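The values are calculated or read from the model by the stated rules, or taken from the named source; none is laboratory data. Owing to the predicted nature of the structure, the values given are computational and were not obtained by experimental measurement. Here Cβ is always computed from backbone atoms with ideal geometry, including for glycine, and neighbour counts include all displayed protein chains.
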Amino acid sequence: MELEFTIGGLSQALASKELSSVELTQMALSRLRERGAKHRVARELTEARALAEAKASDERRAKGKTLGPHDGIPYGVKDLLATKGIPTRWGSVGHGDQVFDYDATVVKRLSEAGAVLVAKLSMIELAGGGGYDVPWATDMGGAVLSSANPALWAGGSSSGSGAAVGLGCLPFAIGSETSGSILCPCAFNGISGIRPTYGRVSRHGAMALSWTLDKIGVLSRAAGDSATVLSVIAGRDPADKSTTFRPFAMESGSRKPVVGVVKEAFAANRASACEEGYNRVIENLRRQGYEVVPVTMPPVPSAGLAVSILVDGDGASAHENFIRSEKIEQMPDKQQLAGLKASLEQPTVDYLWAMRVRTEMESANAVWRECDVLFRPIFYQGALAADKPLSQTWVRMGNTDIPLANLLGWPAAAIPMAEDPVTKGPIGGQFIGPAYADADCLRVAIDATRRPD
Amino acid sequence: MEKLTRRELTAGAIALGLGIGMRPAEAQNTPQTPAVTDAEKLLADARAQLKSIGAARRQIKLADGSEPATTFIPERP
């Protein structure tokens with residue numbers, strides 16, 4: 001019988017002693033070495049640590065002292081999270097010798113829950129700071145390839161996290177998003193995920209790109225797994241003062257969240273496959289008793305401009321030493337390199353404009369008077385070619401509120417929704433909610449991915 | 001709010017996609033992979049891009065007295 005590579009499926013297999021955590025960990029490592037390597041998903045396998053953690057998990061289980069559903073389950077983290085004694089390269093050749101002497105808070109919390117770290121997963125260099133134009137802006141010697149089709153890109157910047165989960169090497173992985181970097185690989189690999197509310201998850205030990213935009217989140221094979229992992233990693237961390245004191249819990253209230261939909265530009269973007277998948281999701285939700293209502297997004301100034309300015313300003317400051325060093329010349333994407341250098345010259349008045357316009361954008365919260373969550377495609381088109389610059393391929397992908405939602409700290413849960421009939425490139429959907437409504441987003445995502453009866 | 005030109009809108013909108021995405025003007029105007037050997041030209045392009053973003057944002061007028069968002073919101077239990 002095929003092992004279901006979800007946290008639920010694997011946890012059950014461990015509990016029934018169908019396999020041990022050491023065996024499961026070896027299986028994950030083997031998958032990463034075989035199918036994973038062809039897609040360039042892992043920058044570093046953490047085998048010694050993984051086997052030690054798995055052995056400890058098996059010993060706990062033998063004594064009847066398991067730590068919960070994540071005990072003994074293998075996972076990977078985007079290579080921008082610090083791991084004690086293991087290289088953390090930020091997707092960057094110029095940071096190839098960087099090793100921290102501590103674990104990021106997220107890694108620490110997962111270890112405390114018994115999860116087994118098996119890999120540091122590949123990513124777009126510096127999470128795309130400076131503006132990247134090529135999918136091969138990595139330290140992997142090429143683009144990370146979509147789990148659905150190796151001719152396609154796995155998305156960015158949490159590329160390896162998306163592809164490793166999509167390929168079934170891992171049941172879940174940790175990624176990060178500044179503006180799209182969890183949602184995009186979820187979409188391009190046909191998997192689920194959660195970009196949590198800003199401040200929900202500690203960034204201690206994570207590379208900074210933008211201090212007021214960066215979020216750590218989860219990519220998983222099942223939407224429900226994103227919820228259980230979020231419950232482990234969420235919560236106040238004194239080491240990251242931006243974290244909230246508000247607890248995260250999946251509520252099981254009887255009232256289903258009201259799902260809002262906006263007028264989508266399917267026709268203008270020639271997005272018939274996306275439209276069909278989108279309609280199937282709505283139909284599925286309605287069959288389960290969800291109310292789906294048309295809503296109008298309040299008009300807001302250009303969110304994309306503000307994101308661009310904030311990321312340039314914060315990124316230039318966070319990486320100034322690197323930008324002014326000779327190491328920057330090793331970047332494979334010379335356009336990104338130039339963008340980083342230029343960003344040192346961003347006027348302060350532009351930065352403050354972006355922070356002020358961000359305040360004005362809070363008017364968009366008015367949409368939450370009409371619904372509890374918004375349902376939108378992540379992009380109108382499927383995963384893009386892996387061997388072409390994005391400036392050639394990024395066509396009719398649409399503007400689906402990714403910058404606005406990131407500026408306002410809104411959470412979003414990703415689901416697989418459709419695929420391009422020609423390229424087989426996956427197309428994703430997202431449930432966006434107001435700040436701290438992570439549980440509502442996940443609840444609807446879990447129901448939306450249930451097979452219709 | 002004044003209307004933006006197509007190029008300026010693109011400059012802002014495209015930055016959305018990928019977590020920062022590609023440089024907007026190039027995304028619209030460069031038909032092929034840039035010949036990435038000319039670092040000076042790329043840097044000049046990037047500086048021009050920075051200016052074009054500044055110009056675009058200046059067309060979006062802020063309300064008098066509006067204040068910047070804070071870096072983080074301190075909360076107490």
**Message:** Please determine whether any residue of region A:348-371 is more than 10 Å from chain B (Cβ to nearest Cβ), part of a helix (DSSP H, G or I), of a type in the set (A, V, I, L, M) and in contact with a Ser or Thr (Cβ under 9 Å, 6 or more places away or on another chain).
**Reply:** yes
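When you go through A:Glu370, A:Glu360 one by one, which is the residue that is under 30 Å from B:Ala63 (Cβ atoms), at pLDDT below 95, out of contact with any helix residue (DSSP H, G or I) (no Cβ under 9 Å at 6 or more places or on another chain) and not hydroxyl-bearing (Ser, Thr, Tyr)? Even if it seems obvious, please write down each step before you answer.
Values: A:Glu370 fails: at pLDDT below 95.
Step by step, each of A:Glu370, A:Glu360 is checked, and only A:Glu360 is under 30 Å from B:Ala63 (Cβ atoms), at pLDDT below 95, out of contact with any helix residue (DSSP H, G or I) (no Cβ under 9 Å at 6 or more places or on another chain) and not hydroxyl-bearing (Ser, Thr, Tyr).
When the residues of region A:313-331 are filtered to those that are in a loop (DSSP other than H, G, I, E, B) and surrounded by 20 or more Cβ atoms within 10 Å (Cβ to Cβ), which remaining residue is nearest to the other protein chains (Cβ to nearest Cβ)?
A:Met331
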**Prompt:** When you scan region A:1-95 for helices (runs of 4 or more DSSP H) that lie fully inside it, which ones turn up with 1 or more residues that are of a type outside the set (Ser, Thr, Tyr) and touching a Cys at 6+ places or on another chain (Cβ under 6 Å)?
**Reply:** A:21-31
**Complete:** Expected output for region A:433-453 (first residue at positive phi, partner modelled with pLDDT under 95, Cβ below 7 Å, 6+ apart or cross-chain) is A:Tyr436/A:Arg246
**Asked** Where residues in region A:244-271 are among the basic types (Lys, Arg) and surrounded by fewer than 10 Cβ atoms within 10 Å (Cβ to Cβ), which of them is modelled with the lowest pLDDT?
**Response** A:Arg255
**Failed criterion for A:Leu310 (all others in (1) within 14 Å of chain B (Cβ to nearest Cβ); (2) surrounded by fewer than 15 Cβ atoms within 10 Å (Cβ to Cβ) hold)** = (2)
**Message:** Can you tell me which of (1) closer than 19 Å to A:Phe375 by Cα; (2) of a type in the set (Ser, Thr, Tyr); (3) surrounded by fewer than 24 Cβ atoms within 10 Å (Cβ to Cβ) is the one A:Ser210 doesn't meet?
**Reply:** (1)
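Counting only residues that are in a loop (DSSP other than H, G, I, E, B) and at pLDDT below 95, which one in region A:373-395 is surrounded by the fewest Cβ atoms within 10 Å (Cβ to Cβ)?
Narrowing region A:373-395 to residues in a loop (DSSP other than H, G, I, E, B): A:378-384, A:386-389, A:394-395.
Subset that is at pLDDT below 95: A:394-395.
Working: A:Trp394: 20, A:Val395: 13.
Taking the candidates together, the pick is A:Val395.
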**Asked** Does region A:306-315 include one or more residues that are in contact (Cβ under 8 Å) with a residue 24 or more places away in the chain and under 24 Å from A:Arg369 (Cβ atoms)?
**Response** yes
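Any idea which of A:Pro294, A:Pro257 is more than 14 Å from chain B (Cβ to nearest Cβ), touching a residue at least 24 places away in the same chain (Cβ under 8 Å), closer than 30 Å to B:Thr70 by Cβ and not aliphatic (A, V, I, L, M)? Can you show your working first?
Details: A:Pro294 fails: closer than 30 Å to B:Thr70 by Cβ.
Of A:Pro294, A:Pro257, the one residue that is more than 14 Å from chain B (Cβ to nearest Cβ), touching a residue at least 24 places away in the same chain (Cβ under 8 Å), closer than 30 Å to B:Thr70 by Cβ and not aliphatic (A, V, I, L, M) is A:Pro257.
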**Message:** Of all residues being of a type in the set (D, E, K, R) and touching a residue at least 12 places away in the same chain (Cβ under 8 Å) in region A:344-387, which is nearest to B:Pro68 (Cα to Cα)? Just the residue, please.
**Reply:** A:Arg358
**Prompt:** Would region A:195-210 turn up any residue that is more than 10 Å from chain B (Cβ to nearest Cβ), of a type in the set (Val, Ile, Thr) and under 26 Å from A:Lys84 (Cβ atoms)?
**Reply:** yes
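Is it fair to say A:Asp225 is in contact (Cβ under 8 Å) with a residue 60 or more places away in the chain, out of contact with any Cys (no Cβ under 7 Å at 6 or more places or on another chain) and crowded, with 24+ Cβ neighbours inside 10 Å? Steps first, please.
Working: in contact (Cβ under 8 Å) with a residue 60 or more places away in the chain: yes; out of contact with any Cys (no Cβ under 7 Å at 6 or more places or on another chain): yes; crowded, with 24+ Cβ neighbours inside 10 Å: yes.
So A:Asp225 passes the test.
Taking the criterion of being among the hydroxyl-bearing types (Ser, Thr, Tyr), part of a helix (DSSP H, G or I) and within 15 Å of A:Asp438 (Cβ to Cβ), would at least one residue in region A:231-238 satisfy it?
First, the residues of region A:231-238 that are among the hydroxyl-bearing types (Ser, Thr, Tyr): A:231.
In the following step, the residues that additionally are part of a helix (DSSP H, G or I) were identified as A:231.
Pick out the ones that are also within 15 Å of A:Asp438 (Cβ to Cβ) and you get A:231.
Yes: region A:231-238 contains one or more residues that are among the hydroxyl-bearing types (Ser, Thr, Tyr), part of a helix (DSSP H, G or I) and within 15 Å of A:Asp438 (Cβ to Cβ).
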